[in-house]
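Novice: Before we start, here is the structure in question, set down as structure tokens.
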Amino acid sequence: MIDTMGDLEPRILANLKTPRLINIIKPMERSVVHRPAQLDYVSVQVFDENGAVIGGRRFVGLFTSTVYTTSANRIPVVRRKVTEAVDAAAQGRGSHDEKALTHILETYPRDELFQISPPELTSIAAGILNVQERVRTALFVRKDRFERFVSALIFVPRDRYDTTLRLKMAELIAKAYGGEVMSFATHIADDPLARVHLVIKTSGPAQAEPNVAEIEAALIEISRSWADKLESAILAKHQGSRGRNLAKTFANAFPAAYREATSAEDAAFDAVLINAYASPNGLAQSLSRPVGAAETAVHFKLFHRGGPAPLSDVMPMLEDAGLRILSETPSKVCPEGADPVWIHDFEAETANGCSIDIADVRDRFHDGFAAIWHGKAESDSLNLLILGAGLTWRQASLLPAFSRYLCQAGANFSIEYMEDTLNGNPKIAALIATYFEARFDPAHANEIAAAAARQGLLAALDNVSSLDEDRILRRFLNLADAALRTNFWQKAADRGPKDYLSIKFDSTKIDDLPLPRPMAEIFVYSPRMEGVHLRGGKVARGGIRWSDRREDFRTEILGLMKAQMVKNTVIVQVGAKGGFVVKQPPKEGGREAFQAEGVECYKTLIRGMLDVTDNIVNDTVMPPPEVVRADGDDPYIVAAADKGTATFSDIANGISNDYGFWLEDAFASGGSAGYDHKKMGITARGAWESVKRMFLELGKDIQTEPFTAAGCGDMSGDVFGNGMLLSKQTKLIAAFNHMHIFIDPNPDPAITHAERQRLFDMGRSQ
């Protein structure tokens, strides 16, 4: 029966009336039997005697599976199109192109072969042939002649194809044509290209024809592998052989989890950092903020060669710096030909909830973290001032030095309380650092600037509401006032700042300092040690002690200085004493490692003393380099041996020679170039032997016969205390030191000797 086609849409009817014997189209409906595919519509036209289309016969259903497995050349309606396409695009019969084109068309989506016009097939087939020869991503689009759908053929390198990519491509094309994906089919064979056939249902004629070239460019971009994008990103930053070598080194370096979470552009930045971070002792880091994140959000990457960085070390540093850690993601990166590098990616936010300008704080934060990591600065809560007060780590290091000194000087506030006070008043903390710089920065110090800075600091202090905080902050101001010299601006051998800080104070100007006050003292602070040298006058001598009293070593040294002042009353030199504590004793290595660390800390104290001491060159007093002096000439300082440092004199004299100090090897007595107290008997035991000799000549053996004694000193380890242990027959009836008077009219030799031994063994007895 002839169908007059009167029930069809006008635009479809107009197309079908085109003189064409057979029309094969795809209706939008899907089959409900056999398989859920779009129906096939076959129309055989009927012509009148004039060749005009007057009707047709329609067949609606599904082609059998044979249609899809039979060679295209055996299907008459398709064979003609295939032949025309091969003849038009190939370079002659029997050529390589003919064979390639034949293969292309045999594997071409069969439904497409039924519907596509010969010119369209010829053009697309030639394009596919070109793509296969050059292996690249390409797009070929055919619009349904009824404008109901778009057929898109996408070719991508096979090794890049996956489901995720297919979904991205489908979304992109559907959006471009304002439709939705009706179906897809993937073809992956031995060819280097994978093919995806998408059918996009459209809502009718497009208002604006999409640019196929732009869509293809977008497909190329999303089909590029992460490694491709990384290579491009690296080459964009570094041209020539350097870029190519870097791209090759990191082509397969990053693990899958990292690639999923990190853009190629960010990875290229990481690669450059890792490449620059060549040595195991180097440090690479990156502080950033993701685009669109809150102004309190922070990302911090730490690059660590060899193995993962211990989180128990890193996280306290970051928390002390004012960050609250939310998560950490480690990634093991394996550059070609190099040791693995671990990237620790910390997601964080500011602990106080305040926004920060990443660009403004990045360099200060990096420098501060590096200083702490390498042991040049201490990790404590005052590092909050790097973010909160805009200080550099070096500026911030002044404040913990002040707080540590105040604790040694007997302040009534704990370290923690003082740190909280400074962090709670960041502007005042910054003003203290500014005032100190105005006084002692060799490049900018002047009295006018210092006076102005001090006035600004006083004005800010007037607004502090808490009495305790006011007292604490004014003690910091007082220390800045009492400072006479500092090595703050001196450079180490690497031209960076020294890893210790030395400050000379006028002790008479420091408030609430325990009496008697020294004339001056030098305080040396570093992450490894703390030490002090107290002098009763400009010409003073006394030993340097290795103290074990970390919490109050200055109290110990002050007591010893007072005793030294008494002992030196009959000589030109008045009393002095110095001492240090080891803050980070080694956990492994035994006694040798412990001794080595003590020597290094001793060296730091000696260097800190000489850093701020004048020299004499050709009878002229020469100030130390990069030191602003708030006092007069002061070239006399010596270091004698004491408890724990008896064998260190040569070490001190070696440092003296390195500094070109005028006293040379006389700087520290008792070394190889000086008097050996033990060999010459200039010790408590030597004095005791003289006393024994005297008594023997008088007919008395003081080692076996009781005798009475009185003296000046105590049992804390000096000459007196050592001597009072050399005979168990000693009846000590009286003694005094700078603090106590001792009386025992009728002592029992055995009992009192045991008590003196007990006091001596305490190490801190007075």
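The values are calculated or read from the model by the stated rules, or taken from the named source; none is laboratory data. Because the structure is a prediction, the values reported are computed rather than measured. Every residue, glycine among them, receives a Cβ derived from its backbone with ideal geometry; neighbour counts consider all protein chains shown.
Novice: Pairs, please: C-beta under 8 Å, at least 6 apart or cross-chain, first residue under 13 Å from Ala429 (Cβ atoms) and surrounded by fewer than 12 Cβ atoms within 10 Å (Cβ to Cβ) and in segment 443-472, second at pLDDT 95 or above and β-branched (Val, Ile, Thr)?
Specialist: As it stands, the answer is none, since no pair meets every condition given.
Novice: Still on this structure, please answer the following. Six or more apart or on different chains, Cβ under 8 Å: which pairs go from a residue in segment 100-114 that's more than 17 Å from Thr186 (Cα to Cα) to one that's assigned to a helix (DSSP H, G or I) and among the β-branched types (Val, Ile, Thr)? Could you list them?
Specialist: Listed by first residue and then by second, the contacts come to Leu101/Val86; Thr102/Val82; Thr102/Val86; Phe114/Val77; Phe114/Val78.
Novice: Tell me which residues, restricted to segment 222-264, are within 22 Å of Thr329 (Cα to Cα) and in a loop (DSSP other than H, G, I, E, B).
Specialist: Within segment 222-264, Ala251, Asn252, Ala253, Phe254, Pro255, Thr262, Ser263 qualify.
Novice: While we're looking at this one, here's another question. What number goes with the only condition from (1) modelled with pLDDT of 95 or more; (2) in a strand (DSSP E or B) that Ala735 does not pass?
Specialist: (1)
Novice: Step by step: first the residues of segment 171-194, then only those that are in a helix (DSSP H, G or I) and hydrophobic (A, V, I, L, M, F, W, C), then the one that is surrounded by the most Cβ atoms within 10 Å (Cβ to Cβ). Which residue is that?
Specialist: For segment 171-194, the residue satisfying everything is Ile173.
Novice: Among the listed residues Asp339, Asp320, Asp360, Asp345, identify the single one that is within 25 Å of Lys301 (Cβ to Cβ), surrounded by fewer than 18 Cβ atoms within 10 Å (Cβ to Cβ) and at pLDDT 90 or above.
Specialist: Within the list Asp339, Asp320, Asp360, Asp345, the selection yields Asp360.
Novice: Considering segment 22-39 alone, what residues qualify as being touching a residue at least 60 places away in the same chain (Cβ under 8 Å) and of a type in the set (Val, Ile, Thr)?
Specialist: Ile24, Ile25
Novice: What number of residues within segment 552-576 are outside any loop (DSSP other than H, G, I, E, B), over 47 Å from the mean Cα position of the chain (by Cα) and farther than 18 Å from Ala520 by Cβ?
Specialist: Within segment 552-576, residues that are outside any loop (DSSP other than H, G, I, E, B), over 47 Å from the mean Cα position of the chain (by Cα) and farther than 18 Å from Ala520 by Cβ number 3.
Novice: Do any helices (runs of 4 or more DSSP H) entirely within segment 348-466 hold 2 or more residues that are closer than 27 Å to Leu513 by Cβ, touching a Leu at 6+ places or on another chain (Cβ under 7 Å) and not assigned by TED's automatic domain parsing to the domain that holds Asp512, and if so, which?
Specialist: Qualifying helices (runs of 4 or more DSSP H): 393-408, 415-424, 426-440, 447-461.
Novice: Within segment 211-221, does at least one residue satisfy the condition of being modelled with pLDDT of 90 or more and under 23 Å from Ser331 (Cα atoms)?
Specialist: no
Novice: Is it true that some residue in segment 255-268 is more than 30 Å from Arg160 (Cα to Cα), surrounded by fewer than 18 Cβ atoms within 10 Å (Cβ to Cβ) and without any contact (Cβ under 8 Å) to a residue 24 or more places away in the chain?
Specialist: No, that holds for no residue.
Novice: A further question on this structure: In segment 281-324, which residues are in contact (Cβ under 8 Å) with a residue 60 or more places away in the chain and in a helix (DSSP H, G or I)?
Specialist: Pro316, Met317, Asp320
Novice: If I go through segment 129-176 residue by residue, how many of them are modelled with pLDDT under 90 and of a type in the set (Ser, Thr, Tyr)?
Specialist: Number of matching residues: 2.
Novice: Turning to a different aspect of this structure: Of all residues in segment 389-411, which are within 19 Å of the chain's Cα centre (by Cα) and surrounded by fewer than 21 Cβ atoms within 10 Å (Cβ to Cβ)?
Specialist: Taking segment 389-411 and keeping what is within 19 Å of the chain's Cα centre (by Cα), we get 390-394, 396-397.
Scanning segment 389-411 gives Gly390, Thr392, Arg394.
Novice: OK, next. With closer than 30 Å to Ala389 by Cβ, of a type outside the set (A, V, I, L, M, F, W, C) and touching a strand residue (DSSP E or B) at 6+ places or on another chain (Cβ under 9 Å) as the only criterion, which of Ser312, Ser286 stands out? Spell out how you get there, then give the answer.
Specialist: Values: Ser312 fails: touching a strand residue (DSSP E or B) at 6+ places or on another chain (Cβ under 9 Å).
On inspection, the qualifying residue turns out to be Ser286.
Novice: Yes or no: Phe523 outside any helix (DSSP H, G or I) and either of a type in the set (Phe, Trp, Tyr) or not assigned by TED's automatic domain parsing to the domain that holds Arg554 (or both)?
Specialist: Spelling it out, Phe523 is indeed outside any helix (DSSP H, G or I) and either of a type in the set (Phe, Trp, Tyr) or not assigned by TED's automatic domain parsing to the domain that holds Arg554 (or both).
Novice: Pairs needed: first member in segment 491-511, surrounded by fewer than 14 Cβ atoms within 10 Å (Cβ to Cβ); second member anywhere, at pLDDT below 95; C-beta distance under 6 Å; at least 6 residues apart or different chains.
Specialist: Ala492/Lys498; Thr508/Arg517
Novice: Could I ask something else about it? Quick check: is even one residue across segment 154-165 touching a residue at least 12 places away in the same chain (Cβ under 8 Å) and more than 42 Å from the chain's Cα centre (by Cα)?
Specialist: yes
Novice: Right, something else. Within segment 593-606, is even one residue among the aromatic types (Phe, Trp, Tyr), outside the structural domain of Asp714 (by TED's automatic domain parsing) and closer than 26 Å to Ala409 by Cβ?
Specialist: Yes: one or more hits.
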